[in-house]
Amino acid sequence: MEMYTLDTAMIRLKEIAEELESGEHDLEMSMKLYEEGVRIITFCNKALSNAKQKVTELSQYDNEEDENEEGIQL
């Protein structure tokens with residue numbers, strides 16, 4: 001599989017959807033495009049899951065810092 005960023009993966013996924021919807025390809029090519037689309041969707045889901053996890057971790061870290069700052073008396 002090619003190396004994708006989330007943005008390029010989404011662009012390619014849109015291209016695949018348009019190609020499949022056009023009906024211009026034979027069954028074999030349509031299956032190859034479909035399989036590529038499934039791989040890209042899997043990649044996107046993992047990338048989004050990783051991003052969500054990072055946001056959660058950063059939010060928890062930020063909340064911990066806020067709690068620590070509240071306990072500091074100057």
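Derivation of every value follows stated rules applied to the coordinates shown; laboratory data play no part. These numbers come from a predicted model, not from an experiment. We place every Cβ from the backbone using ideal geometry, glycine too, and count neighbours over all the protein chains shown.
Stretching the chain fully between Glu36 and Thr8 yields a gain of 8.7 nm (0.36 nm per residue, less the alpha carbon separation).
Fewest neighbouring Cβ atoms within 10 Å first, the residues Leu33, Leu58 line up as Leu58, Leu33.
Taking 7 Å steps out from each Cα toward its Cβ at Glu57 and Leu27 produces label points 4.7 nm apart.
Placing unit charges on each Cβ (+1 for Lys and Arg, -1 for Asp and Glu) gives segment 6-69 a dipole about its Cα centre, and among Met31, Asn63, Leu6 the Cα reaching farthest toward its positive end belongs to Met31.
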